[in-house]
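A.B. asks: For reference, the structure I am asking about is given below.
The values are calculated or read from the model by the stated rules, or taken from the named source; none is laboratory data. The structure displayed is predicted, hence computed values, not measured ones. Here the Cβ positions follow ideal geometry from the backbone for every residue, glycine too, while neighbour counts run over all protein chains shown.
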Amino acid sequence: MERTTDGPETFAPERPARSTATQRADPVQANDYDSFAEAYSAETENNIINAHWTRPAITALVGDVAGRRILDAGCGSGPLSAALRERGAVVTGIDASAGMLELARRRLGDDADLRVADVSDPLPFADGAFDDVVASLVLHYLEDWGPTLAEMRRVLRPGGRLIASVHHPFVDYLFQDPRPNYFATTSYTDEWTFNGQSFPMTFWRRPLHAMTDAFTAAGFRLAVINEPQVDPAVRELFPDDFDDFVNKLSFLCFVVEVPPSAAGSDD
């Protein structure tokens, strides 16, 4: 599911309204997108971070998708799924939030293949079911990437790709709740605010090498590490805000591949 920000000061794709809280949140209470699905979807529909930075970055890395079977893991209200489908992909979307999937169905139609599923759990698909998996601003919600990446690799065909974006670890380290140990994997909690109500959101941050190590440990081959820049069109669309975003770090994109020889391999 895509995430957002309301302020350019941190240059990270995930802060509708934030506090300085860094404590662990109750996992039962935190990250409840059903509680603010409508407001969140409306805010991220055409904003700078989501509409003109993260989604264009992912679609550019995916490239030509005509006829490709794509799993949108953490699809939210479906804007990325819609963009991929318009370019000819056969898209399946999953999300842990039934409320967000209801909005995705409104966008994509009753015939869209949308399923409530958590990326932390075994995925409800056969081995090799997809050519690509996209995971836009999803993995930083997980303490342990291992089981999720193993499942994503399983449902990809040999030669298939995972295209993922996450918070840039340098931004997290330098600008957002600076922490003394860059090399540790630690959680932190923000308070997002919609319509005057606060919602706790818990994330996990880790160093860059831990991210690449997790991909290779799951059997992927690293193809691309990308630090995308904001769409130049933002200058005309948001002239007062463009200078706050141009040439700034925000998030990090990866393209990792299942080796073509991976058929029947368990390593």
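A.B. asks: Give the number of residues within segment 98-115 that are touching a Lys or Arg at 6+ places or on another chain (Cβ under 8 Å) and on the phi > 0 side of the Ramachandran plot.
C.D. replies: Residues in segment 98-115 being touching a Lys or Arg at 6+ places or on another chain (Cβ under 8 Å) and on the phi > 0 side of the Ramachandran plot: 0 in total.
A.B. asks: Of the conditions (1) in contact with a Ser or Thr (Cβ under 9 Å, 6 or more places away or on another chain); (2) surrounded by fewer than 21 Cβ atoms within 10 Å (Cβ to Cβ); (3) of a type in the set (S, T, N, Q); (4) in a helix (DSSP H, G or I), N31 fails just one. Which one is it?
C.D. replies: N31 satisfies every listed condition except (4).
A.B. asks: For segment 234-257, enumerate the residues that are under 22 Å from the mean Cα position of the chain (by Cα) and surrounded by 15 or more Cβ atoms within 10 Å (Cβ to Cβ).
C.D. replies: Result: V234, F245, K248, L249, S250, F251, L252, C253, F254, V255, V256, E257.
A.B. asks: Yes or no: segment 122-129 includes at least one residue that is touching a helix residue (DSSP H, G or I) at 6+ places or on another chain (Cβ under 9 Å), modelled with pLDDT of 95 or more and surrounded by 23 or more Cβ atoms within 10 Å (Cβ to Cβ).
C.D. replies: Among the residues of segment 122-129, not one is touching a helix residue (DSSP H, G or I) at 6+ places or on another chain (Cβ under 9 Å), modelled with pLDDT of 95 or more and surrounded by 23 or more Cβ atoms within 10 Å (Cβ to Cβ), which makes the answer no.
A.B. asks: While we're looking at this one, here's another question. Report, by residue number, each residue of segment 57-93 that is part of a strand (DSSP E or B), crowded, with 21+ Cβ neighbours inside 10 Å and β-branched (V, I, T).
C.D. replies: I70, V91, T92
A.B. asks: For segment 141-171, enumerate the residues that are modelled with pLDDT of 95 or more, under 20 Å from I225 (Cα atoms) and touching a Pro at 6+ places or on another chain (Cβ under 9 Å).
C.D. replies: The answer is G159, S165.
A.B. asks: Checking the structure you have, find out if any residue of segment 116-131 is of a type in the set (S, T, Y) and touching a Lys or Arg at 6+ places or on another chain (Cβ under 9 Å).
C.D. replies: No: segment 116-131 contains no residue that is of a type in the set (S, T, Y) and touching a Lys or Arg at 6+ places or on another chain (Cβ under 9 Å).
A.B. asks: Name every residue in segment 81-122 that is farther than 20 Å from N31 by Cβ and of a type in the set (D, E), in order of residue number.
C.D. replies: The answer is E86, D110, D111, D113.
A.B. asks: Just give me the residues in segment 212-227 being in contact with a helix residue (DSSP H, G or I) (Cβ under 7 Å, 6 or more places away or on another chain) and surrounded by 14 or more Cβ atoms within 10 Å (Cβ to Cβ), in sequence order.
C.D. replies: A214, F215, A218, G219, F220, N226
A.B. asks: Now, a different point. Considering only residues that are surrounded by 16 or more Cβ atoms within 10 Å (Cβ to Cβ) and in contact with a strand residue (DSSP E or B) (Cβ under 7 Å, 6 or more places away or on another chain), which ones fall in segment 192-209?
C.D. replies: Those that are surrounded by 16 or more Cβ atoms within 10 Å (Cβ to Cβ) and in contact with a strand residue (DSSP E or B) (Cβ under 7 Å, 6 or more places away or on another chain): W192, F199, P200, M201, T202, F203, W204, R205.
A.B. asks: Applying the selection to segment 215-240, what residues are assigned to a loop (DSSP other than H, G, I, E, B) and either over 24 Å from Y173 (Cα atoms) or among the small types (G, A, S) (or both)?
C.D. replies: A218, G219, F220, D231, P232, A233, F238, P239, D240
A.B. asks: Another one. Kindly provide the set of residues from segment 94-121 that are buried (at least 20 other Cβ atoms within 10 Å of the Cβ) and without any contact (Cβ under 8 Å) to a residue 12 or more places away in the chain, ordered by number.
C.D. replies: none
A.B. asks: Condition check: more than 17 Å from the chain's Cα centre (by Cα), at pLDDT below 85 and within 27 Å of D32 (Cβ to Cβ). Does D231 satisfy that?
C.D. replies: When the stated conditions are applied, D231 does not pass them.
A.B. asks: Out of segment 241-267, which residues are in a loop (DSSP other than H, G, I, E, B) and modelled with pLDDT under 95?
C.D. replies: Matches in segment 241-267: D241, V246, N247, K248, L249, S250, A263, G264, S265, D266, D267.
A.B. asks: Does P178 count as outside any strand (DSSP E or B), modelled with pLDDT under 95 and over 14 Å from the mean Cα position of the chain (by Cα)?
C.D. replies: yes
A.B. asks: Report yes if some residue within segment 258-265 is buried (at least 18 other Cβ atoms within 10 Å of the Cβ), touching a residue at least 40 places away in the same chain (Cβ under 8 Å) and closer than 27 Å to V155 by Cα; otherwise report no.
C.D. replies: Checking segment 258-265: at least one residue is buried (at least 18 other Cβ atoms within 10 Å of the Cβ), touching a residue at least 40 places away in the same chain (Cβ under 8 Å) and closer than 27 Å to V155 by Cα.
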